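Quick note: the coordinates plus some simple rules give every number you see, no bench work behind them. These numbers were taken from a predicted model, which means no experiment stands behind them. A quick note on method: Cβ atoms are made from the backbone with ideal geometry, for glycine too, and the neighbour counts reach across all protein chains shown.
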Amino acid sequence: MKIEAISSKSGERFPVTSLSWEHVVGDHANFLIVMISTSSGPSPIDYVTFAGSLLTKLREDLYSNWSTSIWYLMHPRKGTHMVYIRSSAGATLCAGCISLEGVALQDPFKEQGFKSGIGSSVQIDFTSDVFCLGVLSVLNTTVTDGQTQLWMLSMGYAAYASKGVGSYNPRSNKLLWSFASSKEYVASGVQINPREALMGKMKEKGLMVR
């Protein structure tokens with residue numbers, strides 16, 4: 001399993017009711033993930049689409065004025081299409097989109113979790129070493145990634161000035177970020193099952209692996 005393409009966008013300083021940008025899905029991608037950070041208080045995301053298809057919300061985690069959420073779509077449409085995020089209440093947000101190749105669609109998620117609070121670091125622990133994706137929303141500070149950074153975008157203003165970060169590790173049992181000083185934060189993480197890990201089991205049962 002591997003990342004095929006990455007894109008991201010920030011609504012920058014002001015609350016917006018929608019955010020959209022182009023993302024390219026290649027011939028071999030079978031899974032799409034959108035990870036969102038917000039910094040303007042409890043501003044729920046109404047829905048997310050790609051090429052007009054609705055994504056499914058996997059999780060949404062909140063702390064104080066910050067939130068993170070993870071959304072997904074199986075069999076995304078190939079080619080260049082729009083990612084569209086809708087928040088009818090208005091949100092100061094940033095987000096990123098990742099298209100993946102080789103995800104086990106029969107059972108795509110291994111584990112998921114979140115952490116929130118006030119501190120100079122955050123760590124989400126899992127029980128096994130699998131491909132990990134994580135998204136962070138933190139009060140404005142310098143962020144050091146314990147894994148590969150996919151994007152780091154500024155959002156918000158005044159008391160709500162924040163960073164939104166997307167990260168991944170191809171094989172790990174944790175996600176880790178550290179900050180220059182103690183800050184409010186919330187982070188969500190998920191482990192993705194690779195198709196090859198389930199092929200043997202599925203073949204034994206006489207089932208097709210997509």
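Summary of computed values
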quantity	calculated
In degrees, nearest ten, helix 195-204 long axis to first principal axis of the chain (Cα)	40
CD proxy at 222 nm, helix term only [per DSSP H run n ≥ 4: -39500 (n - 2.57); per residue of the chain; nearest 500]	-1500 deg cm²/dmol
Long pairs among LYS78/LYS174; LYS2/LYS174; LYS78/LYS115; LYS2/LYS183, criterion Cα-Cα beyond 29 Å	LYS78/LYS174; LYS78/LYS115; LYS2/LYS183
Whole-Hz ³J(HN,Hα) from phi, Karplus 6.51 cos²θ - 1.76 cosθ + 1.60, for region 167-180, glycine and proline x	9, 8, 9, x, 6, 7, 10, 7, 10, 9, 10, 10, 10, 5
Relative contact order (%) - criterion: Cα under 8 Å, at least six apart; region: the chain	27
Phi to ³J(HN,Hα) by Karplus 6.51 cos²θ - 1.76 cosθ + 1.60 over region 20-28, Hz, x for Gly, Pro	9, 6, 7, 9, 9, 10, x, 5, 9
Along each principal axis, Cα extent of region 2-204, largest first, Å	56, 36, 21
Point-to-point label distance, SER53-ALA180, nm (Cα→Cβ direction, 7 Å offset)	4.2
